[in-house]
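Every read-out reported here was derived from the displayed coordinates using simple, explicitly stated rules and does not represent laboratory data. Just so it is clear, the structure is predicted and the values come from calculations on it, not from any experiment.
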């Protein structure tokens, strides 16, 4: 399975653009000066998780295994306490 296939499994296939015609608008900078040839475009997404702390570690690790190098977490409520819960859950499960 390719890294793009793994990413599509995590975020959903319609959020990973691979067709040349779909990618074309993203291959040019805002000034029209620089052009690139991306293999794919990942649509901006906000995805929510609601469940046990142990499950969030596995859920986040799915993104890491799919090639994500940066994750941004947003919490509702006591941010510091929830960040601590997630960090401990990741440490217990061996998630990176």
**OP:** Equivalent ellipsoid semi-axes for the chain, as square roots of 5 times the alpha carbon gyration tensor eigenvalues: give them largest first, rounded to whole Å.
**Re:** 32, 15, 11
Original post:
When the helices in the chain are scored as -39500 (n - 2.57) per DSSP H run of 4 or longer and the sum is shared across all residues, what 222 nm value do you end up with, to the nearest 500 deg cm²/dmol?
Top reply: -12500 deg cm²/dmol
Subject >> Between helix 53-65 and the chain: long-axis angle, C-alpha atoms, 0 to 90°, nearest 10 >> reply: 30 degrees
